[in-house]
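Q: Quick one: the structure is below, and I'll ask about it shortly.
The values are calculated or read from the model by the stated rules, or taken from the named source; none is laboratory data. Computed from a predicted model, the values in this text were never measured in an experiment. Here the Cβ is made from the backbone with ideal geometry for all residues, glycine too, and neighbour counts use every protein chain on show. These area figures cover heavy atoms from the full protein model, side chains too; ligands, DNA and RNA do not enter into them. Shrake-Rupley method; radii C 1.70, N 1.55, O 1.52, S 1.80 Å.
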Amino acid sequence: MRAAGIFVALAATAATALAEAPIDLDDIVLEDEDGQPAVDAGPPEPAPAPGPRRRRHGAGPTPRRGTWHLRAGILHVTPHASSGAVVLSGVAGPASLAVENGPIAGSSTDLTSITTPALLVGYAVPAWEGELGVETVLAPPVTFELRAKGTIAEQSLAPMVLDTVPTGIPPLGPELGRTKALPPIVTVVYRARRGHRVRPYVGVGVSYFHAYDATITNPILTEVATPHLAIDDAVSAVGQLGLDVRVAGRVHATLDVKALSGYAIAARVDNIHVRTPAFPLYESVHVGAVSVDVVARPVLVTAGAGVNF
Amino acid sequence: MVHWRRLWPAVLIATAGCEVGEDGPPPLTSEPGVIFSYPHDGQRDVPLGARLVVSFTDPVDVAAVTAGCSLGADGGVVGAFCVRGPGGLVATPVLVAGPKDNVVLLESAAWEAGATYEVFVRPAVLWGKATNLDAAAPLVRFTAGNPTSLGGRAPTVIAVNGDDPAAYVAGSGATPRFPFVDFTTIRVALSEPLDPATAVYGDTVRLVDADGALVEAALLTQGPHLTIDPVADLTNSPRYRLELGAGLHDLSGDALAPVAFELAPLPSRVGGRELAQVLACIPGREPSYAAGGFINQVELTAPLIGDATIAMVDNTLAAVMANPAGFGPLIPLTLRKGQRLTMQPLPVKLGGEIATPLTTGPLQVQMAADATVYLARNPFRDPARLPDDELAPVAAYLAFDVVVTASDAVGNAALNQQVLGVQATGLARIYDGGLEIDSVGGLDLDLLGLDRATSNMVLRLSTTTARAAPGDDAPPRVTSTFPADGARDVPADAALRVTFAEGLDAAAATRDGAVTLTGAAAVPVRVRVDGSTLIVTPRQPLAYGAAYTLEVSGMVRDLAGTAAAPTRLGFRTVDLATSAPAPLALAAARPGVPCALDGATATSPGRCRDGASSDDRYAPFALAADLPVELTFQQPLDRGTVTLGTACGTGSVRVERLDPSGACTGVARGRLVVGEDRLSFIADGGWEPGARYRVVIHGGDDGDCDAGELCGRNRLPFNSDVLDGLADRGDAGGADLVLPFVAAPASADRYAMTTRAWPVADGNGNGVLDAGEVASSTNRAAMRIVGTSGMVRSATLNGPDCVPGTPAREACMYLSGALPVTMGTLQHACTIDGATVAACIPVELSPQILYGTSLSMNATVAVIGTLSDQRTQQLVLRLRTPAGQPLMSHIVVGADGQAALRARLPLYLDAPSMKLLAGLAGHDLASKPITVDVAGPVAFTADGRIQISLANVAAVPLAVELSAIGIGIGTIAMEIPAGEMKMQLVGDAAKGGR
């Protein structure tokens, strides 16, 4: 429980979710600056004629219209989450015989890594000779599992009443809960070496983390009542490195790495009731709430292939 | 076609659709309603003065609670908060208290012994919002205990560990409310008090295991309560059996029908270890959320000493919790015996205002046996809801037995006592990380053997991990004894008492060899522990004039198991040896007077036979319904001659019921207690107010102790007519002494006791200080001759100078006797002898007789010559009731600020056996009126008995007229100098006996 979801947060994810409106790429129509279909959008034409709109540097001609790229691939998110101790608050009633408000020594939380299909969608703006663009990641909703670590997982949350009487409350184990996350990332990307087969790129951007459908799944925590897991939204800066390789024609392969400066995520679980098998007098106790502050610095690695158009 | 900008709305839509997870149904908490009551529903053996407490979740509607009650046409109770007993609705007003006006108290109820009451609490009490109050049925039913003898009925067991006894009878189908745990002390409540002498562990009370082996246990007895506390927890056998045998008798001698109870203890331990807890009892002016009153204090209601509140000081107790998983929805705990709660001193002020020298110092309330506590689901809470929340916590039930001791030695001797079978109920709230048990319970405390103080205790015990309970390794210390070491006037039937500073382990103290009594040979004794007092009763009367040694060995231990330092006590019994025995005579009678009567009229039972015809007639005799007849003699009885009449006109002692014409209609049913020199008759169920009775003592008509006659130990029959002489066999016998009386209603604010002159020099009552008798500086009058007149030229008193410090020679007249007194309640602006004092307590003195030892004088009479060794013989001082009015005295604040008794004693002085010149000369010491103004402090003896030390405040003149052949020949003028008539009247010990 504790903190459960928390981490979730982390999600720094990068992944973005098209949860309820999956995008059919066939529906996407790209337009040029004049609003005409950019049917000829694609790989750069060879040897463009000199003119006033020639780029100041770079190997290729400055495109007349922006260029879209789409990469389908696999996204792997490593949360790199770290948390402080899980903090109890609002402890009252029989639970106060066993635990006190405050941090639980030796406790922490973590998030699991995820791997999911994803789309990298980018648009190179013509004003920068196609070298500067914006990019985002589209992916199905991602679900992070919240894990307990340390004493909170391995020892009873409230082993003894009044320091002497066993409560019968077992350790929670590693499972805490899960949450879906929607952390859209938008980066501004500079792709070097226009017209070359291999184009490295760098980017910077921002990510906004939003968790939803956060749920405590630990059977001990859900035996009596359903705790309420709330995870605050968070914002993080994003740094990006990548490599585009033109495989053939418009087809490119891409390896993209994004590192987030860190989400500072506050998570809180309320309405925690735990059955007390060794104290049938009370049946269960209301533990109150737990909270945890998680800092997640996710690294997103996407490998995929797609087209420019 | 979708414009690219529509991608962001898609993301946003996805975001907007995210809701946090839905919560499940929250656990249910309490709704408005009742959460607690004391007594609890079904409680038995509720103390008669116990407060009724009902607590609620929310503030009550004061107007509804106090609106009063009535009975509807259908007999139903109409009202928001009502109590109905056997006599109808209880009219005592209720109070609203508690931290948020959520507690309703009925403070001053006086529950009728053995009666069942119903408490009706309607939803209107909570403004109609209560969800657990019935509109018709009573909320609580409880039954009051019975601390007085029922008489004529066999005692029955009314509760075992607070439950219906049937719950512990195999095959009954009944089950106890709480499980029996291996550490549970067994508490038995009976329908009436038991004779403690009949409760002998291993004999009439037995706890045996499945193999029939006796379990070592301490047996505590007090009133209608038995407590059996096994020395070790009951872990060695799956079943135990408590057997109460027919040898258990009530105070009327009726036997208990043998009964047995089956006990199958559940194990308390978790993995063989105890779950130790520490409970703190911290004083503070904080109202209890359960009980209304302030926590950790005892409120005492007692007109005798006024109302008092005694606060506890900081205390810590050790508790042991049973396996909380082993008993379903309850948790048993125990508090081991010997632990104590310290309380502030009890101010002992008569009537609450008149200080006495009795101080208690801090009081100690010790667990006399392992206390039992259960935490259980709140019975008023909807079972569908969670068992606990702040408004309606779980319930707590406490059962315990306590020993109360005082730090001051005299206070301890006077007030130490045990109170058994205390039941308290409360709520157990979780607060600040601890368990906080607020409970309320009633207990009746004995006050000096005169009164029972209703005490209501509010106790808060809080778990703590920051403290440790104190240990007790100090040996128990003797604070007083009776008799005192070296005493020489000990009654032969005395119950010997050794009082300690703390409670004693009854199991250890009653083992063979723990206490021994040795005279010429070892004397078998019965040892009983009452509070912190060892009561040692010889199984046979001691020899008179013999030396004994009482030894308390180190086998005697306190409740914590620490051995007492061996104590040795030497004493001698009173010496009755004499060459001039006198017949048995009464010193005091309640009701009545200690002499045969004549001269009865329609308004008076008459006057003492053979007194002057001008003597005052006595007012009609009356006896309160709850008091015994008490007959105190001036010397020991021959117990074998005491026969209680079983029909009109039979027996040497008769208590008969009369019809309006005065004819006997039968004997009164009751129990006659025979003491060394006292008879007490306790009527079964008390006297019927308004009914007529009489007490008759038959001594025969001659000097032979014949069958059916009451005789003294010297085999001389009872002398009913002391004014006709009381010197020798020739004075024995006489007309039956008949004392008619009418029973009066019992009164709760009058305290009757029989005081007696103590110590007494003339133990054999023959009017002479015999060789073996011990002179005393109290209970004597120093007589001085101040002049002569007429033919009496001179006179001198013989014998040792009673007051050596004066130039004159005084002779000592040693006084003996008894004086029943009745104390009233405090009054203000009392007028006494024409002066007004701020406060007083009226004390009615019963018109009894003081006997004085003979005085010897030499007189020189003209013509006759010198008369040597002229003896008054035994003197009789009769208290008068002029004009038939009660003889009143008063306890006031004395010069030292302490209680003092002031009395004017009108007396008749008689010397019925005095013969001058072998009867040739006469005297006027017959119905000679004298008046003695006396005053002196009301204090306490070292062994805790009330002691009134009186002395005459002014010289008492006494002119004895001598005559010969009816012609006056002169006067011997005597006086008792101021302060030299000293009477020390001592009450009985609170635990019985002298």
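Q: Any chance you could tell me what percent of the C-alpha pair distances in segment A:208-309 go past 20 Å?
A: The share of Cα pairs beyond 20 Å in segment A:208-309 comes to 60 percent.
Q: Heavy atoms only, 1.4 Å probe, whole protein assembly: order A:Trp128, B:Trp687 by accessible area, highest first.
A: My answer, sorted largest first, is A:Trp128, B:Trp687.
Q: Continuing with this model, one more query. In degrees between 0 and 90, to the nearest 10, how far off the longest principal axis of chain B does helix B:7-16 point, with axes built from Cα atoms?
A: The angle comes out near 20 degrees.
Q: Could you order B:Phe36, A:Phe309 by accessible surface area, starting with the largest, using a probe radius of 1.4 Å?
A: A:Phe309, B:Phe36
Q: Another question, if that's okay. For the protein assembly as shown, what does -39500 (n - 2.57) per DSSP helix run (n ≥ 4), summed and divided by total residues, give at 222 nm, in deg cm²/dmol to the nearest 500?
A: Computed mean residue ellipticity for the protein assembly as shown: -500 deg cm²/dmol.
Q: What are the residues of segment A:159-192 that lose 40 Å² or more of accessible area, with a 1.4 Å probe, going from their chain alone to all protein chains?
A: Buried by the other chains: A:Leu162, A:Thr164, A:Val165, A:Leu182.
Q: Same structure again: Using a 1.4 angstrom probe, figure out how much accessible area the protein assembly as shown has per residue, in square angstrom, rounded to the nearest whole.
A: Result: 37 Å² per residue.
Q: A further question on this structure: Give the ranking of B:Cys82, B:Cys705, B:Cys648 by solvent-accessible surface, highest area first, calculated with a 1.4 Å probe.
A: Reading off the accessible areas and sorting them downward yields B:Cys648, B:Cys705, B:Cys82.
Q: For B:Ile832 and B:Val231 in the same chain, what is the full-extension length gain: residue separation times 0.36 nm, less their Cα-Cα distance, in nm?
A: Separation in residues times 0.36 nm, less the Cα-Cα distance, equals 210.6 nm.
Q: Residue by residue through segment B:175-180, which ³J(HN,Hα) values in whole Hz follow from phi under the Karplus form 6.51 cos²θ - 1.76 cosθ + 1.60 (θ = phi - 60°), with glycine and proline marked x?
A: In residue order, the calculated couplings are 10, x, 5, 10, x, 8 Hz.
Q: Name the residues of segment B:154-188 whose amide N is less than 11 Å from a point 7 angstrom out from the Cα of B:Ala257 along the C-beta direction?
A: Residues B:154-157 qualify, since their backbone N sits under 11 Å from the label point.
Q: Could you work out the equivalent-ellipsoid semi-axes for the protein assembly as shown, taking the square root of 5 times each eigenvalue of the Cα gyration tensor, largest first, in whole Å?
A: 98, 27, 27
Q: Note the full-extension length gain between B:Leu28 and B:Asp706 as 0.36 nm times their separation in residues minus their Cα-Cα distance, in nm to one decimal.
A: Length gained between B:Leu28 and B:Asp706: 235.7 nm.
Q: Could you state how much accessible area is buried at the A-B interface, both sides summed, with a 1.4 Å probe, in Å² to the nearest 100?
A: Buried area (both sides, nearest 100 Å²): 3600 Å².
Q: Taking the Cα-to-Cβ direction at B:Ala543 and at B:Ser70 and moving 7 Å from each Cα, how far apart do the two end points lie in nm?
A: Once both label points are built, they end up 7.7 nm from each other.
Q: Let me ask something else. Taking amide H positions as placed in the peptide plane 1.01 Å from N, state which residues far from B:Ala757 in sequence (5 or more) or on other chains have amide H under 5 Å from it.
A: B:Gly817, B:Ala818, B:Leu819, B:Val986
Q: What distance in nm lies between label points placed 7 Å from Cα along the C-beta direction at B:Lys129 and B:Ala883?
A: Using points 7 Å along Cα→Cβ, the separation is 6.6 nm.
Q: Cα centroids of segment B:547-592 and segment A:253-309: how far apart, whole angstrom?
A: Rounded to whole Å, the Cα centres lie 84 Å apart.
Q: Kindly tabulate the residues in segment A:63-107 with an accessible-area decrease of at least 10 Å² between the chain alone and the assembly of all protein chains, using a probe of 1.4 Å.
A: A:Trp68, A:Gly93, A:Pro94, A:Ser96, A:Leu97
Q: Under the classification rounded if a/c is under 1.5, otherwise prolate if a/b is larger than b/c and oblate if not, where does segment B:247-340 fall, given a ≥ b ≥ c as square roots of the Cα gyration tensor eigenvalues?
A: oblate
Q: Rg/Rh for chain B to two decimals, with Rh computed the Kirkwood way over all alpha-carbon pairs.
A: 1.07
Q: With all protein chains present, calculate the accessible area of B:Arg241 using a 1.4 Å probe and round the result to the nearest 10 Å².
A: Per-residue accessible area (B:Arg241): approximately 90 Å².
Q: Can you list residues from other chains, or at least 5 along the same chain, whose modelled amide H is less than 5 Å from the amide H of B:Val768?
A: B:Ser854
Q: In whole Hz, with x marking every Gly and Pro, tabulate ³J(HN,Hα) for segment A:90-101 from phi via Karplus 6.51 cos²θ - 1.76 cosθ + 1.60, θ = phi - 60°.
A: Values, residue by residue: x, 5, 8, x, x, 4, 5, 6, 10, 9, 10, 4 Hz.
Q: Heavy atoms of the protein only, probe of 1.4 Å, neighbouring chains included. What is the accessible area of B:Arg377 in Å², nearest 10?
A: Accessible area of B:Arg377: about 80 Å².
Q: I'd like the FRET efficiency for A:Thr143 and A:Ala253, computed as 1/(1 + (r/R0)^6) with the beta carbon distance as r and R0 of 25 Å, rounded to 0.05.
A: According to the calculation, E is roughly 0.35.
Q: Cα gyration tensor of segment B:588-744, axes a ≥ b ≥ c as square roots of the eigenvalues: rounded (a/c below 1.5), prolate (a/b > b/c) or oblate?
A: oblate
Q: Spin-label point model (7 Å from Cα, Cβ direction): what's the B:Ser777 to B:Arg285 distance in nm?
A: In this crude label model, B:Ser777 to B:Arg285 measures out at 4.8 nm.
Q: Using alpha-carbon positions, what is the distance between the centroids of segment B:833-853 and segment B:922-975, in Å?
A: Cα centroid to Cα centroid, the span is 16 Å.
Q: How much of B:Tyr240 can a 1.4 Å solvent probe reach, expressed as accessible area in Å² and rounded to 10?
A: 10 Å²
Q: Let me ask you something else. Between A:Val186 and A:Ala127, what FRET efficiency follows from the Cβ-Cβ distance if R0 is 22 Å, with the result rounded to 0.05?
A: 0.75
Q: Quick one: check the C-alpha center-to-center distance for segment A:115-192 versus segment B:406-425, whole angstrom.
A: Using only Cα atoms, the two centres lie 69 Å from each other.
Q: Where the accessible area of the protein assembly as shown is counted over protein heavy atoms with a 1.4 Å probe, how much of it, in %, is carbon and sulfur?
A: C and S atoms contribute 55 percent here.
Q: Also, quick follow-up: Size of the dipole of the protein assembly as shown about the Cα centre, Lys and Arg at +1 and Asp and Glu at -1 on the beta carbon, nothing else charged, in debye to 20?
A: Computed charge dipole of the protein assembly as shown: roughly 2700 debye.
Q: Per-residue HN-Hα couplings for segment B:588-602, Karplus 6.51 cos²θ - 1.76 cosθ + 1.60 at θ = phi - 60°, whole Hz, x for Gly and Pro?
A: With coefficients 6.51, -1.76 and 1.60, one gets 7, 9, 10, x, x, 9, x, 8, 5, 10, 8, x, 5, 10, 5 Hz.
Q: Below 8 Å, C-alpha to C-alpha, sequence gap of six or more: please give me the relative contact order for chain B in percent.
A: The value is 8 percent.
Q: Please list, in chain and number order, the residues 5+ apart from A:Leu172 or on another chain whose amide H is under 5 Å from its amide H, with Hs placed from the backbone.
A: A:Gln155, A:Leu157
Q: Something else now. Under 24 Å Cα-Cα from B:Lys928, which lysines qualify once same-chain neighbours fewer than 8 residues away are excluded?
A: Of all the lysines, those that pass the test against B:Lys928 - Cα under 24 Å, at least 8 places apart if same chain - are B:Lys915, B:Lys982.
Q: Put simply, what bits of segment A:228-242 lose 40 Å² or more of accessible area when the other protein chains are there, versus the chain on its own (1.4 Å probe)?
A: Buried-area filter returns A:His228.
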